[in-house]
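Remarks on the structure that follows.
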Amino acid sequence: MKKSVILGAATIAGLAAGAAMAGTVDDVKARGKLNCGVTTGLVGFAAPDANGEWKGFDVAVCRAVAAAVLGDASAVEFVPTTGKTRFTALASGEIDMLARNTTWTFSRDVDLKFEFVGVNYYDGQGFMVPKALGVSSAKELDGATVCIQTGTTTELNLADFFRSNNISYEPVPIETNAEAQQQYLAGACDVYTTDASGLAATRATFENPGDHVLLPEIISKEPLGPLVRHGDHEWGDVVRWTLNAMVSAEELGVTSANIDEMSAGTDNPEVNRLLGSEGTLGEMLGLDAQWAMRAIKAGGNYGEVFAQNIGEETPIGLARGLNAQWTDGGLLYSPPFR
Amino acid sequence: MTTLTDPPKEQFRLSMLLYDTRYRSATIQVIALFGFMLLAAWIISNTIQNLEALGKPVEFGFFGEPASYDINQRLLEYSSRDSHLRAAFIGLLNTLVVAVLGCITATIVGVFVGVLRLSNNWLIARIMTVYVEMFRNVPVLLWIVLAMAILIEGLPAPNAFRGENPTATMDLFNSVAVTNRGVYIPEFLFTRSLGDIHFFGASSIRFDVSLDLLAFLIVLGGSIFAMRKVSANAAAKQEATGDRPTIWYIQLGILFVPMIVLMTALGLHLGYPELKGFNFKGGTHMRNSLIALWLALSLYTAAFIAEIVRAGILAISKGQTEAASALGLRSGRTMRLVILPQALRVIIPPMISNYLNLTKNSSLAIAVGYMDITGTLGGITMNQTGRELECVLLLMLVYLAISLSISGVMNWYNNSVKLVER
């Protein structure tokens, strides 16, 4: 596709410009706007609502960072990226951070020169099939036609899964989630595979979600998280600790409802350090004292964001599962604010 | 007394480079060339330096690594354990398949439409005009996407062929299945196959050649050679005696008998597609992505070719047609024997660029998930390895090589139909 050539050229140009680039924190402040890469549209994670406003779980991270750095949760320019274009967009400096349910892998972290700042959703790759097909396990999918989003880790997991189980399949590579949905619903493929959260989100938008089932097999570990360019550690710290602030806030019981009251000062020193009424954590980060308070206020703490966008009350209906706090038997564990 | 003296020999001075009109343009050109080279060198060194600063020096070692992804359409065997280079090679073949199929179809459709647009039949001429304007004026990407959407939404899924009362049935005596995953047609199978010969051992460009196909081609070539001999014999006899012997049954015999003998010896039979499990099995599977891309590219390019053909025909003066009819040639023969050979000289050069365009446009394949070289090397490989610069450079090199080969062949053909002036 011609796009990749242009993007490739843009990368080169971007890299050339990158040498002269100052810290991203300063760039964002000078611009007054955060350029945040998101999906082209995955309801619950990042999609424009009826008013054209971006909403979702990944979007909330972007807004929190914008609120922390710029003091305005709406000062975000959302840049839709596909599985194929996202890394080039980040490497070239077109976006400051990428919050696009991107799996943290060794080669992306080390070889592609990115910095994953944490995990905001612990996911795994699953399969969705029409109920009418009568399939109950992914191992019964011998000879099936499988729709996949190209340029993702799912493509590689899929090849490995079918190979190790010694069954055959026919891959249909597709650029975006919307196209995949169209092909899947038209019956051009039997199975749609991507991260289980993405499948749940996609299924929620179907006319008859009940006609489709997610197979029990989860064939991979997919820790999804926001990432930034390698080498700009100040910026990496800002994004990392904004995410940690959201997680810690839930653990410490700070919610968007009680945050104003709590920021005046509480008996818990860690809450005080987090919300800036004690200590100089914000200053160490190159921001002001209220950075974390604004970030949490933007959309609420991690639990609130989860419940609003993808939780069990929403059409997507995901349980917390692995994404519960460590105190509740999940994997969410923010380092201490000290 | 007059003395003739040579005019004083002008000394070359440095300032003349700027003030003497004889040298000035050369000076400017040299300076501009230097400037350009400096700019190019700056861009290249900057890129290399920055990539090194990023810890991503330019190197091609990743081509030997396993690709780890699968490709649905492949002419040669390939598995996810093969190298990135092999994947790129499979992609290259896919590009060539769609380019060759597209160029052939576009030429046939284009010539037809171009000639018909000049038809005296008002309706036919207008329909052709509408076709040309519609296809020429809409971006080819939209045609590709539209073709794919029609194939996916318009055709039945394999599921519809199942059960007691299927909503869809196979065509042509149960031999062809048209589904929204592609068209399954019967394939040729041999019970006593001669096998394959393998080339290039285990390297990335290894391929097999079917000995059955080779035998078929040899027999076909032999038959055609014999037919020519018979035909030349008949012509010689006609020259000598004025009587042309009837040879059509001999010709037919020469063409078909050896072929039938060969096919029976090899045990030819057809393998029919059959609904098994999730999909049709057996037969040849022409995927939707290939059909959509092929159709859209050829119909789009055919619209341009039609205009070129029309221009070529109109470039031949009316006197030629009139002279031909004065000789008693009918209109069909006038077109074939008088007009087209002359028109070809005008048609070929712009035709080359259309073939090149079609080939390059085939890089839009990813829009429908057709795994051409842009999809493998410039898509998944680039994405999974993060080697943008290397992949894009190589990709450009590949397209350059394909395009130069096409124009090389076409220029050779152009020279052979050129007017030979004495």
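The values are calculated or read from the model by the stated rules, or taken from the named source; none is laboratory data. This structure is a prediction, so every number in the text was calculated from the model and none was measured. Here Cβ is always computed from backbone atoms with ideal geometry, including for glycine, and neighbour counts include all displayed protein chains. Heads up: the accessible areas ignore ligands, DNA and RNA and are worked out on the full protein's heavy atoms, side chains in. Shrake-Rupley method; radii C 1.70, N 1.55, O 1.52, S 1.80 Å.
Open to solvent by less than 40 Å² (accessible area, probe 1.4 Å) and in the same structural domain as A:Asp58 (by TED's automatic domain parsing), is that true of A:Asp190?
Values: open to solvent by less than 40 Å² (accessible area, probe 1.4 Å): yes; in the same structural domain as A:Asp58 (by TED's automatic domain parsing): no.
So A:Asp190 fails the test.
Tally time: how many residues in region A:81-97 are aliphatic (A, V, I, L, M) and in contact with a Ser or Thr (Cβ under 7 Å, 6 or more places away or on another chain)? Can you show your working first?
To start, the set of residues in region A:81-97 that are aliphatic (A, V, I, L, M) comprises A:89-91, A:95, A:97.
Within this subset, residues satisfying the condition of being in contact with a Ser or Thr (Cβ under 7 Å, 6 or more places away or on another chain) are A:89, A:91.
Residues meeting the conditions: 2.
Quickly run through region B:52-74 and pick out the residues that are over 17 Å from B:Ser203 (Cβ atoms) and more than 10 Å from every other protein chain (Cβ to nearest Cβ).
Scanning region B:52-74 gives B:Glu52, B:Pro57, B:Val58, B:Glu59.
Tell me which residues, restricted to region B:316-356, are assigned to a helix (DSSP H, G or I) and of a type in the set (D, E, K, R). Outline the logic, then answer.
Initial filter on region B:316-356 (assigned to a helix (DSSP H, G or I)): B:318-326, B:331-356.
Within region B:316-356, B:Lys318, B:Glu322, B:Arg333, B:Arg336, B:Arg345 qualify.
Working carefully through the options B:Val138, B:Val98, find the one that is among the hydrophobic types (A, V, I, L, M, F, W, C) and not in a helix (DSSP H, G or I).
Details: B:Val98 fails: not in a helix (DSSP H, G or I).
Only one candidate passes the filter, namely B:Val138.
Between a residue in region A:250-275 that is at negative phi and any residue that is among the acidic types (Asp, Glu), which pairs come within a Cβ distance under 7 Å, given they are 6 or more apart or on different chains?
Filtered contacts from region A:250-275: A:Leu252/A:Glu270; A:Thr255/A:Glu304; A:Ser256/A:Glu304; A:Pro269/A:Glu278; A:Asn272/A:Glu278.
Run A:Pro223 past the list (1) over 17 Å from the mean Cα position of the chain (by Cα); (2) surrounded by fewer than 21 Cβ atoms within 10 Å (Cβ to Cβ) and report the number of the one that doesn't hold.
Only one criterion in (1) over 17 Å from the mean Cα position of the chain (by Cα); (2) surrounded by fewer than 21 Cβ atoms within 10 Å (Cβ to Cβ) is unmet by A:Pro223, namely (1).
Listed residues B:Gly369, B:Gly375, B:Gly386; which is in contact (Cβ under 8 Å) with a residue 24 or more places away in the chain, within 11 Å of chain A (Cβ to nearest Cβ), farther than 23 Å from B:Ser289 by Cβ and among the small types (Gly, Ala, Ser)? Give the steps one after another, and end with the answer.
Numbers: B:Gly369 fails: farther than 23 Å from B:Ser289 by Cβ; B:Gly375 fails: farther than 23 Å from B:Ser289 by Cβ.
B:Gly386 is the lone residue from the list that is in contact (Cβ under 8 Å) with a residue 24 or more places away in the chain, within 11 Å of chain A (Cβ to nearest Cβ), farther than 23 Å from B:Ser289 by Cβ and among the small types (Gly, Ala, Ser).
Residue by residue, here is whether (1) open to solvent by 30 Å² or more (accessible area, probe 1.4 Å); (2) in a helix (DSSP H, G or I); (3) at pLDDT below 90 holds:
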{"position": "B:Leu358", "(1), (2), (3)": "no, yes, no"}
{"position": "B:Ser362", "(1), (2), (3)": "no, yes, no"}
{"position": "B:Thr374", "(1), (2), (3)": "no, yes, no"}
{"position": "B:Ile380", "(1), (2), (3)": "no, yes, yes"}
{"position": "B:Ser405", "(1), (2), (3)": "yes, yes, no"}
{"position": "B:Val409", "(1), (2), (3)": "yes, yes, no"}
{"position": "B:Asn414", "(1), (2), (3)": "no, yes, yes"}
{"position": "B:Glu421", "(1), (2), (3)": "yes, no, yes"}
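Any residue in region B:270-288 that is assigned to a helix (DSSP H, G or I) and open to solvent by less than 60 Å² (accessible area, probe 1.4 Å)?
At the first step, the residues of region B:270-288 found to be assigned to a helix (DSSP H, G or I) are B:288.
Going one step further and asking which of them are open to solvent by less than 60 Å² (accessible area, probe 1.4 Å), we end up with B:288.
Yes.
List the strands (runs of 3 or more DSSP E) inside region A:85-169, counting only whole elements, that have at least 2 residues being free of Cβ contacts under 8 Å to residues at least 12 places away in the same chain, more than 9 Å from chain B (Cβ to nearest Cβ) and open to solvent by less than 30 Å² (accessible area, probe 1.4 Å).
none
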